[in-house]
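> The structure is given below, and queries will be raised subsequently.
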Amino acid sequence: MLRKLALLSMLLLALRLQSARSAQNDKVTCDTCPVAGIEPAASKPLTPADASHGCTTQTKHGFPVPDPKCTPGAVNPSVTLAVLKNPSFRTACVRNCATTEEDKNVTYTQYGIPHPSSNTGTSQVCELDHLISLELGGADTLDNIWPQCGPNHVTLAKRYFKQKDAVENYLAEQVRTGQIELQKAQTGIASDWTQFLGEAQAFCAKNPAKCKGGD
């Protein structure tokens, strides 16, 4: 009986600690990041961006990719490999720090895509996506953001931006474990995120807990 009570007490303590950590993570912002040395608004584009003449979504392997002249991808130089491997790092440390959600909506106009209504939950059809994800050290600036939409006739999990999430999770894990260099992952996902899709899907099928979202 005493042993069962002890085990129950340990379980309750673990749950309280997990809840406390989750609450702390929810409070992470640009101004309260627990990791020192991050410059939330820092950005270094892979190539100069120019959206002044409009942008056109392209395709590779049947999936949408952004217009490279408008969305070449950009990295935050202060989010180093050491930062990404730090268990205290959260993408909330840099999210909406350089560019507000309202500013990001400009990319719909640049790409000539109508802003979707009721774009939440299972009704979400578009995502203002970071080409180089925040969990790979991507910058939160417009040269790294594009509206990735559709297809509307499939379930949420099969929409393009959700499939790209798998690639982001896979590459982030590969970087943290030293299987691929950070810069190689950044330039690879920027040039053609679809090239990693097969490996990412296989990885997520075996490691579902590591594939619960993207940035």
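> Hey, can you tell me all the residues within segment 100-148 that are of a type in the set (Val, Ile, Thr), within 26 Å of THR32 (Cβ to Cβ) and either crowded, with 24+ Cβ neighbours inside 10 Å or modelled with pLDDT of 95 or more (or both)?
ILE132, THR141, ILE145
> For residues in segment 28-47 being under 17 Å from the mean Cα position of the chain (by Cα) and hydroxyl-bearing (Ser, Thr, Tyr), which is surrounded by the fewest Cβ atoms within 10 Å (Cβ to Cβ)?
THR29
> In segment 140-199, which residue that is of a type in the set (Phe, Trp, Tyr) and part of a helix (DSSP H, G or I) is nearest to GLY73 (Cα to Cα)? Walk me through it before giving the result.
Just the residues of segment 140-199 that are of a type in the set (Phe, Trp, Tyr), to begin with: 146, 160-161, 170, 193, 196.
Subsequent filtering for residues that are part of a helix (DSSP H, G or I) retains 160-161, 170, 193, 196.
On the way: TYR160: 18, PHE161: 16, TYR170: 18, TRP193: 11, PHE196: 17 Å.
Residue satisfying both the conditions and the ranking: TRP193.
> Filter segment 149-168 down to the residues that are surrounded by fewer than 22 Cβ atoms within 10 Å (Cβ to Cβ) and in contact (Cβ under 8 Å) with a residue 60 or more places away in the chain, then identify the one that is nearest to the chain's Cα centre (by Cα).
GLN163
> Restricted to segment 61-98, and to residues that are under 22 Å from GLU135 (Cβ atoms) and of a type in the set (D, E, K, R), which residue is farthest from the chain's Cα centre (by Cα)?
Among residues in segment 61-98 that are under 22 Å from GLU135 (Cβ atoms) and of a type in the set (D, E, K, R), the one farthest from the chain's Cα centre (by Cα) is LYS85.
> Taking the criterion of being buried (at least 18 other Cβ atoms within 10 Å of the Cβ), in contact with an Asp or Glu (Cβ under 9 Å, 6 or more places away or on another chain), at pLDDT below 95 and under 30 Å from GLY54 (Cβ atoms), would at least one residue in segment 201-214 satisfy it?
Yes - at least one qualifying residue is present in segment 201-214.
> Moving on. State the number of residues belonging to segment 97-117 that are part of a loop (DSSP other than H, G, I, E, B) and either of a type in the set (A, V, I, L, M) or within 19 Å of PRO77 (Cβ to Cβ) (or both). Don't jump to the end; show me each part of the working.
Initially, segment 97-117 is screened for residues part of a loop (DSSP other than H, G, I, E, B), giving 97-100, 105, 111-117.
So of that shortlist, the ones also either of a type in the set (A, V, I, L, M) or within 19 Å of PRO77 (Cβ to Cβ) (or both) come out as 97-99, 113.
The total comes to 4.
> While we're here: For segment 48-68, name all the residues that are assigned to a loop (DSSP other than H, G, I, E, B) and surrounded by fewer than 16 Cβ atoms within 10 Å (Cβ to Cβ).
Here is the first cut: in segment 48-68, the residues assigned to a loop (DSSP other than H, G, I, E, B) are 48-57, 61-62, 66-68.
Passing the criteria: PRO48, ASP50, SER52, HIS53, GLY54, THR56, HIS61, GLY62.
The values are calculated or read from the model by the stated rules, or taken from the named source; none is laboratory data. Source: prediction; values computed, not measured. Neighbour counts run over all protein chains shown; Cβ positions are idealised from the backbone, glycine included.
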